1. So which residue, out of 284, 273, 197, gets the largest mean-square fluctuation from a GNM of the chain using Cα contacts under 10 Å as springs?
2. Hey, in the GNM for the chain with a 10 angstrom Cα cutoff, which one of 133, 209, 48 fluctuates hardest?
3. Could you list 134, 98 so that the one with the fewest beta carbons within 10 Å of its beta carbon is first and the one with the most is last?
4. Dividing the convex hull volume of the Cα atoms of segment 149-300 by its residue count, what figure in Å³ per residue is obtained?
5. Report D for segment 67-210 in µm² per second (integer): Stokes-Einstein, Kirkwood Rh on Cα pairs, 20 °C, 1.002 mPa s.
6. Over the Cα atoms of segment 216-279, how large are the radius of gyration and the largest Cα-Cα distance (Dmax), in Å?
7. Compute a Gaussian network model of the chain, connecting alpha carbons closer than 10 Å, and tell me which residue from 110, 175, 74 fluctuates the most.
8. Set the Förster radius R0 to 35 Å, insert the Cβ-Cβ distance between residue 33 and residue 174 as r into 1/(1 + (r/R0)^6), and round the FRET efficiency to 0.05.
Ligand code: 13P
Ligand code: SF4
């Protein structure tokens, strides 16, 4: 039996579903039941009917699935698959921001711990951050942890004051403005598609800024046939499969998230065989963090 066949058999036996983020290895995406960006995966986790969710992504994503659907067993195949940005803000930092700005609302990017979500007013992802901030009645917003996504939101919502926390994505920060300018000069007919975790100087160069799913959608709908991609290279799997006649070029060879690449199909198999590694969070913590996630999902 191939690994893929073993996974399919175990999925049935355990009544499991495999969810994968767009940055996952191509072979993992190929065996997943659903592939999406952070927001799509959160929505999917909410209405999963299986008993077990195998979450191929990084820890905060599996935690969000558990918080949203606490009666399910949520498995993270590789225990060390974390997101360095999520470790850049803790609950105390949010409490400190609040004491400095008591009139502000706290918006927490989902790339964060359950503790940070529990301390915040509402969560957001890269695809709905602007909408979430616009939906709030407060004029002042503390945005954690990503200062680059926060700066992008601030530019889109100038009527609000955005207080930034100094977190960032170690992968998207590697793209340099010189690199994207050179890529644009070399490919003058190409569109530059940028994830808002990139630095503002790179975002300013973009023809389109969006989450991974929004970039995929843009490339599919576009009449252009060449694109320079400024987000993690795992996105190429879907872009190339969906658009065989279009050409995609990475803005930088450094756009590889080692954490997203830790999960291989062998790990997915081991995860199902051994029911590992189960996400366990305290109920009280989940209940508080869920308020912020639910508020986000309610924003239309
Ligand atoms: P998306 O919101 O596009 O899924 O991005 C998540 C992420 O971790 C980006 O680095
Ligand atoms: Fe975290 Fe950046 Fe990797 Fe996304 S790409 S999971 S933000 S380190």
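1. Sorting by GNM fluctuation, first place goes to 284.
2. In the Gaussian network model the winner is 48.
3. Working: 134 14, 98 17.
Fewest-to-most ranking of 134, 98: 134, 98.
4. Working: hull volume 26.0 nm³, N = 152.
In segment 149-300, the Cα hull volume divided by residue count equals 171 Å³.
5. Values: Rh = 16.3 Å.
The Stokes-Einstein estimate is 131 µm²/s.
6. Expressed in Å, the Cα Rg and Dmax of segment 216-279 come to 15.7, 47.
7. 175
8. Numbers: r = 32 Å, r/R0 = 0.90.
Given R0 = 35 Å and the Cβ-Cβ separation, E is 0.65.
Read-outs: derived from the displayed coordinates by stated rules, not from any lab. Worth saying up front: this structure is predicted, and the values here are computed from it rather than measured. A quick note on method: Cβ atoms are made from the backbone with ideal geometry, for glycine too, and the neighbour counts reach across all protein chains shown.
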